[in-house]
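To keep things clear, I will list the structure first and then write my remarks on it.
The values are calculated or read from the model by the stated rules, or taken from the named source; none is laboratory data. Since we're looking at a predicted model, the values are computed, not measured. Virtual Cβ from ideal backbone geometry, glycine too; neighbours counted across all protein chains shown. For accessibility, only protein heavy atoms count, side chains too; no ligands or nucleic acids. Shrake-Rupley method; radii C 1.70, N 1.55, O 1.52, S 1.80 Å.
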Amino acid sequence: MEKEKRYLKTLEKIMKKIDKEYLTEAGRALFLEKCAFCHGKDGKGRDGFAANLTRRISKKSAKYTIQNGGHNFKKSFPGSMPPMVPDPVLADVIADYVAQGFPPVHPGKKIFVKAQCARCHGTEGVGIRFRAPNIRYFDLSTIAAILRNGKKGIIGRMPAYAHFSNSQITSLAYFIISLSTSGKRAYIRNNLRQ
């Protein structure tokens, strides 16, 4: 019992240090794994089977139901919901995601993943030492020009993504710019510890 308490305290400390964007992404991943089968990927539920979670719901209520199950709406959902995630930290992450109202994924993020930008620039765009630079502070026109034409740099060559449409390039560029708001922690984590 004491070992579990220490484990939970350590997890809570870690969770407090993680930035909000990461927590949202973790909540989304956990929701898709644990909850989407019944409630759908968008949280809108399935008539007669699972409740619509996109309506306002408090984090406390969501967490309680995730940990203990839900037996409140027996007429609408006679099967009830079993307890899904007993771990309080994981339940907290999912509850936070649900209570935020299912924050949408930036359309440029899908392109960022598809183009495999993270392989060289890291998942947060801060660059990877001796591989590629920090791109978070580039302006829109610079990012668009590099995506269309490629770029020869000191470390190597950035390929052109001329096959992307203008709207894809614009979405990707806006997503890269949005990364600059997530702080300097990722830069320190990826570059200074090596």
message: Considering only residues that are among the charged types (D, E, K, R) and either under 22 Å from the mean Cα position of the chain (by Cα) or over 11 Å from residue 176 (Cα atoms) (or both), which ones fall in segment 109-164?
response: 109, 110, 114, 119, 124, 129, 131, 136, 148, 151, 152, 157
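With 27, 45 as the choices, which residue is in contact with an Asp or Glu (Cβ under 9 Å, 6 or more places away or on another chain) and modelled with pLDDT of 75 or more?
Unique residue meeting the criteria: 27.
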message: Pairs needed: first member in segment 84-95, closer than 13 Å to residue 59 by Cα; second member anywhere, of a type in the set (Ser, Thr, Tyr) and open to solvent by less than 50 Å² (accessible area, probe 1.4 Å); C-beta distance under 6 Å; at least 6 residues apart or different chains.
response: none
